[in-house]
Amino acid sequence: MRWRHKDLLDLDNLSAQEIELVLQSALSMKEVLFRPIKKLPTLRGKSIALMFYENSTRTRTSFETAGKILGADVTNFSVAQSSVNKGESLLDTAKTLQAMNIDLVIIRHACSGASEFLAKQLKAGVINGGDGQHAHPTQALLDFFTMKDRWGEFKGKKVLIVGDILHSRVARSNALGLKKLGAEVVLIGPPTLLPPEMGYLGVRTSFDLDSELPGADAVMALRLQMERQQSGLFPSLREYNRLYGLTRERIARTGKDTIVLHPGPLNRGVEISSDLADSVQSVIEEQVTNGVAVRMALIYLLIGGTSNVMA
Amino acid sequence: MLWLKNVHLVDPGQGISDKASLLIKDGKVAKLCRGEKQLTEEEVLMTLGVSELKDVKQVDGEGKFLFPGLVDAHVHFREPGQEDKEDINSGSRAAVRGGFTSVLAMANTQPVIDTRALVEFVRLQGERAGLARVYPVAAVTKGFQGRELTEMVDLQKGGAVAFSDDGLGIQSAETMRLALEYAKLTGCPLISHCEDTSLAGQGVMRKGEASARLGLKGIPASAESVMVARDALLAGETGGKIHIAHVSTKESVWVIRAAKKLGIDISAEVNPHHLLLTDEDVQLTNSSYKVNPPLPSREDQEVLLEGLLDGTLDMLATDHAPHTWEEKMRPFAEAPFGINGLETALAALWQELVLKDKIKPEKLIELWSLNPAKRFALQGGTLKAGSPADMVLFDPEWQERVTAESLESKAQNTPFLEKELQGFPIMVWVGGKLVMKNRKIVEKQ
Amino acid sequence: MTKRIPKHKIMDADGIRRAITRISHEIVEKNKGTENLVLIGIRTRGVPLAERIQARILDFENVKLPLGLLDITLYRDDLSMIDVQPVIHETKVPFSIEGKTVILVDDVLYTGRTVRAALDALIDLGRPQKIQLAVLIDRGHRELPIRADYVGKNIPTSSREIISVCLSEIDNSEEVLLLE
């Protein structure tokens with residue numbers, strides 16, 4: 001199994017084997033994270049540009065750390081400082097990056113498809129660090145890594161993804177990938193945040209968290225954007241928390257040694273209770289560590305060789 | 001003086017779909033001879049009032065169709081204000097190249113067409129271009145604000161043939177009701193862009209599995225259909241005259257069908273792209289598929305076609321909406337809505353609907369020439385003797401690849417770009433004047 | 001890859017066994033015992049060789065030396081010259097190498113670039129007191145100033161030839177072949 005992609009935009013066109021390759025490579029990368037000297041010469045002389053059009057300290061720092069450990073030069077195109085605010089189009093930004101001979105671009109953008117748009121314009125590799133409501137492949141891969149670390153394999157495992165499914169790129173990418181890996185996925189949320197068209201994912205959906213808890217091997221809470229309440233998508237945090245908030249009592253009903261995931265940042269007391277988030281069942285901090293390892297693996301796979309695409 | 005021979009004339013206004021010869025004099029149809037019978041030279045000379053045949057231009061249309069010039073009830077020519085997208089001249093060139101001899105130019109320019117001076121400007125620019133007949137549509141409300149009505153009577157005197165805030169839906173039902181009442185002074189229909197903005201929200205494509213898959217915000221079908229229902233009821237209550245622009249949902253078709261049964265004065269149009277493309281075709285990195293109303297579901301598409309065939313829906317219209325390459329070369333959500341339609345619409349429908357036997361050529365012409373001409377009280381729409389010689393000689397075998405260079409429009413935002421289409425106009429006359437020949441505009445001498 | 005023709009067999013199973021035994025003895029002898037020694041095999045075939053050395057030394061010294069595995073992919077100096085990057089495997093050194101004498105084990109010593117990468121990788125793991133190199137075959141053609149401390153067999157080769165080490169843990173056979 002070899003890596004044959006120029007970009008990582010979505011999990012749509014990755015096979016289960018390719019996902020496993022990423023996870024396997026990430027395992028080696030994780031070892032590096034625990035060394036006294038966390039620095040590799042692997043990507044010496046390669047350049048990575050981070051373009052975060054949406055705020056995200058966590059994801060950006062994770063990519064930045066990953067790139068630096070691998071020895072690449074990482075440049076932060078801070079949106080505030082670059083010409084983005086002056087109205088430069090993504091197309092012109094792409095041309096600028098091309099002219100700088102950047103090897104890899106990592107982009108997060110509020111528009112679905114922005115990373116694919118960039119990838120079509122650039123010879124450089126592109127990693128999608130989250131595009132609109134569309135995809136967040138690196139988050140999903142780090143979630144898979146975290147699960148695999150606990151389980152060894154995905155077959156026969158039941159994963160609940162709970163919350164604002166409609167607006168969540170994390171839920172989409174997770175559901176797509178977990179299905180490929182052979183896990184059972186159930187999407188759970190109120191009808192306003194889990195409309196029927198989400199059925200396209202081909203996984204089960206439910207409005208009732210409590211009835212789905214028994215037998216769940218992992219439960220993933222999604223971050224709830226507070227402004228959804230003003231848009232009328234849910235009536236109050238109180239009711240949301242009662243129906244969909246993860247607590248220790250709820251998780252105890254799975255009858256299993258269930259792990260609890262969250263892509264962060266947490267709204268403690270809303271989608272997840274504080275004591276659960278800090279409990280032994282929570283793998284939220286591991287997710288952060290694993291995020292760096294998985295992103296190192298992806299960066300290596302994309303630009304480790306001269307060219308990342310086979311002719 | 002023109003003698004058109006051996007054409008297959010499709011003229012639903014006269015109930016003709018037959019071999020025919022036509023004589024054109026002074027910009028009008030002087031004589032029409034149908035069937036296998038040929039005009040004799042003497043008849044030709046006598047009718048045209050000339051002594052020698054060399055004074056008569058002859059065109060042999062063997063194997064070709066002759067249509068009355070197509071009338072497009074919905075184009076955006078962007079002038080004044082956004083001439084980088086299109087202007088009335090380039091839009092007119094695109095129109096005649098696509099087989100359209102009359103167009104209704106929408107009022108959402110900058111400034112919007114809400115005064116008589118602006119209406120006359122549009123009309124005058126159309127005359128200056130000297131190609132298609134450009135009929136201005138004037139705004140319903142001043143500045144498209146959705147509140148105060150425009151001076152509809154004066155606007156009509158300036159040349160407006162209909163009123164519309166197209167580009168924006170009129171959100172206030174009361175404004176719409178009053179507009180329908182007041183427009184009675186003109187006898188012109190109100191063209192309604194049916195869109196409830198609270199339902200449409202920030203959506204960029206039809207809400208459904210395709211939008212969920214692409215992670216694009218969805219516009220529910222109800223954003224259109226609830227407004228169609230509202231406007232139909234208001235037209236019924238006021239006795240006003242309403243025309244529904246760009247119908248794209250099955251629910252809208254059901255409402256219009258019911259309204260017509262109730263005797264409400266309602267008409268409606270369908271855009272070719274809504275008949276040919278669905279939300280499943282939308283590509284994240286090709287904003288040529290971004291259009292408002294958005295591309296419908298497959299099911300909607302079937303009901304739309306059915307509505308056209310059974311007379312619920314009255315006409316086809318392109319909603320020609322040119323945008324610059326730079327504007328469209330953006331991420332899907334940031335690109336403007338609109339499809340460039342005039343030069344590809346007829347060919348695309350011919351290839352996908354006529355050649356696949358889903359619609360007859362006679363019906364196609366009824367929908368795209370006769371019915372719009374009637375609804376908006378325009379000349380044309382038929383080629384009976386005495387009518388203006390707005391004509392399209394159409395070659396059903398002509399194949400052409402749609403390229404950016406080939407388009408007369410300033411814009412290239414069409415999903416048919418780089419695609420091969422079959423069935424194109426090869427000669428177009430407006431008022432007897434040849435304006436397009438062999439796919440090229442006949443330039444002014 | 002074109003199929004190579006075996007030219008001749010350099011070592012058979014017995015030959016390999018004897019070489020490993022000799023190297024094991026030399027390691028203990030040269031270091032005057034087993035104190036402070038750790039073994040690190042370079043993936044892929046250095047790993048079973050290191051395991052065998054570990055077993056030999058356990059046999060005659062009754063000491064089980066700590067054993068680590070090293071994947072040097074991330075340290076290769078030719079990454080930017082190969083088209084598709086090699087798959088990386090886990091490095092597993094579950095003990096500190098600080099102040100230790102590390103016996104680095106590989107199958108074939110050729111240009112010396114693999115060993116160079118392994119030295120870089122090792123130093124990133126800590127600061128050993130000494131690093132020694134044990135190889136089954138030294139075939140010459142060094143491109144870097146690197147030499148082995150323990151050699152199973154020296155084989156003069158031409159650069160067109162290939163040395164193929166087959167070990168039963170990984171391959172279907174137990175032999176060393178010279179291919180052309």
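Each reported figure results from applying straightforward, stated rules to the coordinates on display, with no laboratory input. Source: prediction; values computed, not measured. When we count neighbours, we look across all protein chains shown, and the Cβ atoms used for this are built from the backbone with ideal geometry, even at glycine.
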- Approximate spin-label separation A:THR57-A:LEU33, in nm, with each point projected 7 Å along Cα-to-Cβ: 1.9 nm
- Message: Which of rounded, prolate or oblate describes region C:1-101 when judged by the alpha-carbon gyration tensor and an a/c cut-off of 1.5?
- Response: oblate
- Item | Mean-position separation - Cα centroids, region C:15-41 and region A:125-198, in angstrom | 51 Å
- Out of every Cα pair in chain B, what percent are spaced more than 28 Å from each other? 47 percent
- Message: Under the rule of at least 5 residues apart or a separate chain, name every residue whose amide H is placed under 5 Å from the amide H of C:LEU133.
- Response: C:LEU104, C:ASP149, C:TYR150
- Query: How far, in degrees from 0 to 90, does helix B:250-261 lean away from the longest principal axis of the Cα atoms of chain B, to the nearest 10?
  - Reply: 70 degrees
- Query: How would you rank B:190-198, C:18-26, B:162-170, highest first, on the average number of other Cβ atoms within 10 Å across their residues?
  - Reply: B:162-170, B:190-198, C:18-26
- Measure nothing fancy, just the Cα-based angle from helix B:88-97's long axis to the longest principal axis of chain B, in degrees from 0 to 90, nearest 10. 60 degrees
- Using R₀ = 60 Å, calculate the FRET efficiency as 1/(1 + (r/R₀)^6) where r is the Cβ-Cβ separation of B:GLN110 and C:ILE123; round to 0.05. 0.35
- Item | Hits among lysines - C-alpha to C-alpha of A:LYS157 under 20 Å, sequence gap 8 or more where chains match | A:LYS148, A:LYS179, A:LYS180, A:LYS256
- Distance (nanometres) between label positions extended 7 Å along Cα→Cβ at A:ARG253 and C:ARG4: 6.4 nm
- Message: Please compare each pair in A:LYS46/B:LYS328; A:LYS68/C:LYS130; B:LYS5/B:LYS363 to a cut-off of 31 Å on the Cα-Cα distance and tell me which ones are over it.
- Response: A:LYS46/B:LYS328
- Task: Considering only B:GLU52, B:GLU306, B:GLU334, give the residue with the highest GNM mean-square fluctuation for chain B, with springs between Cα atoms whenever their separation is below 10 Å.
- Result: B:GLU52
- Query: Which aspartates and glutamates does C:LYS92 reach when only Cα atoms under 14 Å apart count, and residues fewer than 8 places away in its own chain are ignored?
  - Reply: A:GLU31, C:GLU51, C:ASP71, C:ASP124
- Which of A:GLU212, C:GLU35 comes first, and how do the rest follow, when ranked by fewest Cβ neighbours within 10 Å? C:GLU35, A:GLU212
- Rounded to the nearest 10, the angle in degrees between the Cα long axis of helix B:116-129 and the longest principal axis of the Cα atoms of chain B comes to 40 degrees
- Query: Cα-Cα over 22 Å: which of B:LYS85/B:LYS290; B:LYS142/B:LYS261; B:LYS142/B:LYS290?
  - Reply: B:LYS142/B:LYS261; B:LYS142/B:LYS290
- Can you put A:SER279, C:SER164 in order, fewest other beta carbons within 10 Å first? A:SER279, C:SER164
- Message: Once each part is reduced to its C-alpha centroid, what is the distance from region A:5-70 to region B:1-80 in angstrom?
- Response: 70 Å
- Task: Just add up the charged neighbours of A:LEU187: K/R +1, D/E -1, any other residue whose Cβ is under 13 Å from the Cβ of A:LEU187.
- Result: -1
- Task: Answer rounded, prolate or oblate for chain C, using the Cα gyration tensor with square roots of eigenvalues a ≥ b ≥ c: rounded when a/c is under 1.5, else prolate when a/b is larger than b/c, else oblate.
- Result: oblate
- Return the lysines within reach of B:LYS440: Cα separation strictly under 16 angstrom, same-chain partners fewer than 8 residues apart disregarded; answer none if there are no such residues. B:LYS410
- Here the FRET efficiency for A:THR96 versus B:LYS437, based on Cβ atoms and R0 = 41 Å and rounded to 0.05, is 0.35
- Task: Please work out, to two decimal places, the log10 of the ratio I(q)/I(0) at q = 0.05, 0.10 Å⁻¹ from a Debye calculation in which every Cα of the protein assembly as shown carries one identical scatterer.
- Result: -0.44, -1.11
- Message: Only four residue types carry charge here, +1 at the Cβ of Lys and Arg and -1 at the Cβ of Asp and Glu. Report the dipole size of chain A about the Cα centre in Debye, rounded to the nearest 20.
- Response: 680 debye
- Each label sits 7 Å from Cα toward the beta-carbon; between B:GLN58 and B:GLN171 the label points are separated, in nm, by 6.5 nm
- Message: Apply the a/c threshold of 1.5 to the C-alpha gyration tensor of region B:90-208 and tell me whether it is rounded, prolate or oblate.
- Response: oblate
- Message: One quarter of the convex hull surface, Cα atoms only: what value does that give for region A:82-182 in nm²?
- Response: 7.8 nm²
- Message: Can you compute the FRET efficiency between C:VAL87 and C:LEU58 using 1/(1 + (r/R0)^6), with r the Cβ-Cβ distance and R0 = 30 Å? Round to the nearest 0.05.
- Response: 0.40
- Note on the structure: Partner shielding of A:36-48, as the mean number of partner chain Cβ atoms within 10 Å, equals 3
- Neighbour-count order for A:ASP278, C:ASP14, B:ASP114, fewest beta carbons within 10 angstrom listed first: C:ASP14, A:ASP278, B:ASP114
